[in-house]
Each structure stands twice: as C-alpha cells, then as structure tokens.
Amino acid sequence: MAAGPRIGTSAPDFTLPGGTLADDAFERRDFTLSAARGRAVVLAFYPGDDTAVCTKQLCSYSSGFETFEGLGAEVWGISPQGVDSHESFARGHGLRMPLLADTGREAARAYGVAAPGIGVRRSVFLIGPDGVLRWKHVALLGATFQSLDTLAQHLSGIGTP
C-alpha cells in the first residue's frame, strides 16, 4: 500500500462521476475536489455499497449532515462501485451526501488506500478549504469507522478559510 499524501500537503485532485440524492431525484454529475475549494471536504473511502459496516458508516455521516454543514464541510463517499450502485445504495438508505464512483481506483491509489481483494481500505481524509490535507485515518482491517464526533472534533476550526 502506498503512503498517500502527508498531512500539511496539497490533497491530490481528482474528478469522479457520482450523484447526490435530493428529495426523490438522484442528481448525477462529475465531482472535482479542487472545485470544492472554500469549503472543507471529508473524503470517506469505503469498500462497498450495501455492506454492513459501510452502511452503518454512511448512514451515521448522513444523519450528521447538519453537523458537517455547521462546520462548513461537505462529505463525499467514495468506493469502487459504479454510479448505478450508488444510486440504489443512496435510495435504499436515504443517504444525503454525494457518492462517487472510483471504478478504476485512481483516487484510491492517489490517496494510498487501494487494496487488493477489497478494492479500497476504509479511510477518511479531511481536506481544508485551502485544499490542504489536515487529518487522515486509514484503517488496517476496516471493521470499524471514524465516528461523526471524531470527525467533528478534527474539523472544528478548519472549515472556514
């Protein structure tokens, strides 16, 4: 596994297809990290849609949507599944954050979290509004995830330029 970006360095930029559930519509578009400058971004890499731990993790982040917004942050879920799978996952669980399809695992490789067999390691990267990596956590086994409270604590103070 590659080391990925270091804290205090510019986060690797990427553009991935994805979508966001808004009311009853799943709005598809491309998401580019550098286009989110001015707001903090939480990149939550997860192994798979509709798996037990991933579902708990993303439901937790979705239910904490207002907490993230209050800290000036967006949350983007990223996994190797395609946009159709993400739409089904978002609709099935009412997930409110964008879900991005890293089918070729380019973003996962850039962040050092591509893993043979599972696709990606469960990990979270907090990117400041200036595009600088401020905090990260990469799970060794991926059976647990970083809580909303932990992320809010680390985001506090970095969400505004």
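The values are calculated or read from the model by the stated rules, or taken from the named source; none is laboratory data. Remember, predicted model here, so these are calculated numbers, not experimental data. Because the Cβ atoms are built from the backbone with ideal geometry, glycine has one as well, and the counts that use them run over all protein chains shown. Surface accessibility is based on the protein's heavy atoms, side chains included, excluding ligands, DNA and RNA. Shrake-Rupley method; radii C 1.70, N 1.55, O 1.52, S 1.80 Å.
Across segment 3-27, what is the total count of residues that are of a type outside the set (Asp, Glu) and either farther than 15 Å from Asp102 by Cβ or free of Cβ contacts under 8 Å to residues at least 40 places away in the same chain (or both)?
At the first step, the residues of segment 3-27 found to be of a type outside the set (Asp, Glu) are 3-12, 14-22, 25-26.
Add one more test, that the residue is either farther than 15 Å from Asp102 by Cβ or free of Cβ contacts under 8 Å to residues at least 40 places away in the same chain (or both), and what stays is 3, 5-10, 15, 20-22, 25-26.
Total meeting the criteria: 13.
From the residues in segment 104-142 that are in contact with a Ser or Thr (Cβ under 9 Å, 6 or more places away or on another chain), small (Gly, Ala, Ser) and part of a loop (DSSP other than H, G, I, E, B), which one is modelled with the lowest pLDDT?
Of everything passing the filter in segment 104-142, Gly142 is modelled with the lowest pLDDT.
Do we have Leu43 as within 20 Å of Phe145 (Cβ to Cβ) and either of a type outside the set (Gly, Ala, Ser) or at pLDDT below 95 (or both) here? Step through it out loud before you land on a result.
On the way: within 20 Å of Phe145 (Cβ to Cβ): yes; either of a type outside the set (Gly, Ala, Ser) or at pLDDT below 95 (or both): yes.
The answer is yes for Leu43.
Only one of these conditions is not met by Asp130: (1) touching a residue at least 60 places away in the same chain (Cβ under 8 Å); (2) within 16 Å of the chain's Cα centre (by Cα); (3) open to solvent by 50 Å² or more (accessible area, probe 1.4 Å). Which number is it?
(2)
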